[in-house]
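J.: Input: one structure, supplied below.
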Amino acid sequence: MQDRYGRNGTDRLNRFLLIVALVWFVLSRVGVARSSIPPVLLVAVTYYRLFSRNIAKRYQENVMYCQVADRVKAKFGINSTHRIYRCPSCGQRIRVPRGKGRIEIRCPKCNAAFIKRS
């Protein structure tokens with residue numbers, strides 16, 4: 001998101017950096033992490049990215065972060081738009097969209113029907 005002065009605003013990379021900084025800062029206050037300097041540096045990087053005028057560079061950084069984050073989510077099976085169910089009769093994996101309530105799912109392999117909450 002860009003405002004009239006050429007600044008980027010917040011994107012997925014900035015939100016991630018702020019969350020990591022907040023968690024690190026809380027851990028340093030509890031005593032798990034030793035130093036509170038890295039979270040301050042992460043916040044500084046976030047502000048630098050937030051007010052940078054090099055929009056193309058910040059956009060590329062965000063695109064690279066999104067690609068890596070999506071790859072990691074896919075590797076661990078974290079999918080925010082769909083759910084994966086297994087057919088109770090044949091074990092076929094079936095992908096259904098989230099947020100549709102209770103739906104009847106029909107297996108494309110064995111044609112068995114079962115009801116699940118999406």
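J.: With (1) without any contact (Cβ under 8 Å) to a residue 24 or more places away in the chain; (2) in contact with an Asp or Glu (Cβ under 9 Å, 6 or more places away or on another chain) as the list, and residue 62 as the residue in question, which single condition is left unmet?
T.: Residue 62 satisfies all of (1) without any contact (Cβ under 8 Å) to a residue 24 or more places away in the chain; (2) in contact with an Asp or Glu (Cβ under 9 Å, 6 or more places away or on another chain) except (1).
J.: Residues of the stretch 65-113 being of a type in the set (Lys, Arg) and closer than 30 Å to residue 49 by Cβ, which ones?
T.: Across the stretch 65-113, the qualifying residues are 71, 73, 75.
J.: Going by what's in this entry, would residue 95 be described as part of a strand (DSSP E or B) and exposed (fewer than 12 other Cβ atoms within 10 Å of the Cβ)?
T.: Working: part of a strand (DSSP E or B): yes; exposed (fewer than 12 other Cβ atoms within 10 Å of the Cβ): yes.
It is true that residue 95 is part of a strand (DSSP E or B) and exposed (fewer than 12 other Cβ atoms within 10 Å of the Cβ).
J.: Which is surrounded by 13 or more Cβ atoms within 10 Å (Cβ to Cβ) and assigned to a loop (DSSP other than H, G, I, E, B), of 80, 89, 28?
T.: Working: 80 fails: surrounded by 13 or more Cβ atoms within 10 Å (Cβ to Cβ); 28 fails: assigned to a loop (DSSP other than H, G, I, E, B).
Answer to the selection: 89.
J.: Another one. Looking at (1) free of Cβ contacts under 8 Å to residues at least 40 places away in the same chain; (2) part of a loop (DSSP other than H, G, I, E, B); (3) closer than 18 Å to residue 13 by Cβ, can you tell me which one residue 56 breaks?
T.: (2)
J.: Another question, then. Based on this model, can you work out whether residue 42 counts as in contact (Cβ under 8 Å) with a residue 40 or more places away in the chain, in a helix (DSSP H, G or I) and surrounded by 12 or more Cβ atoms within 10 Å (Cβ to Cβ)? Before the answer, list the steps.
T.: Numbers: in contact (Cβ under 8 Å) with a residue 40 or more places away in the chain: no; in a helix (DSSP H, G or I): yes; surrounded by 12 or more Cβ atoms within 10 Å (Cβ to Cβ): yes.
No, not satisfied.
J.: Is it the case that residue 9 is in contact (Cβ under 8 Å) with a residue 12 or more places away in the chain and either surrounded by fewer than 13 Cβ atoms within 10 Å (Cβ to Cβ) or on the phi < 0 side of the Ramachandran plot (or both)?
T.: Criteria met by residue 9.
J.: Same structure, new question: State all residues of the stretch 64-84 that are in contact with a strand residue (DSSP E or B) (Cβ under 7 Å, 6 or more places away or on another chain) and either charged (D, E, K, R) or modelled with pLDDT of 90 or more (or both); if no residue qualifies, say none.
T.: Hit for the stretch 64-84 is 83, nothing else.
The values are calculated or read from the model by the stated rules, or taken from the named source; none is laboratory data. Only a predicted model underlies this, so the values are computations on that prediction, with no experimental measurement involved. Virtual Cβ from ideal backbone geometry, glycine too; neighbours counted across all protein chains shown.
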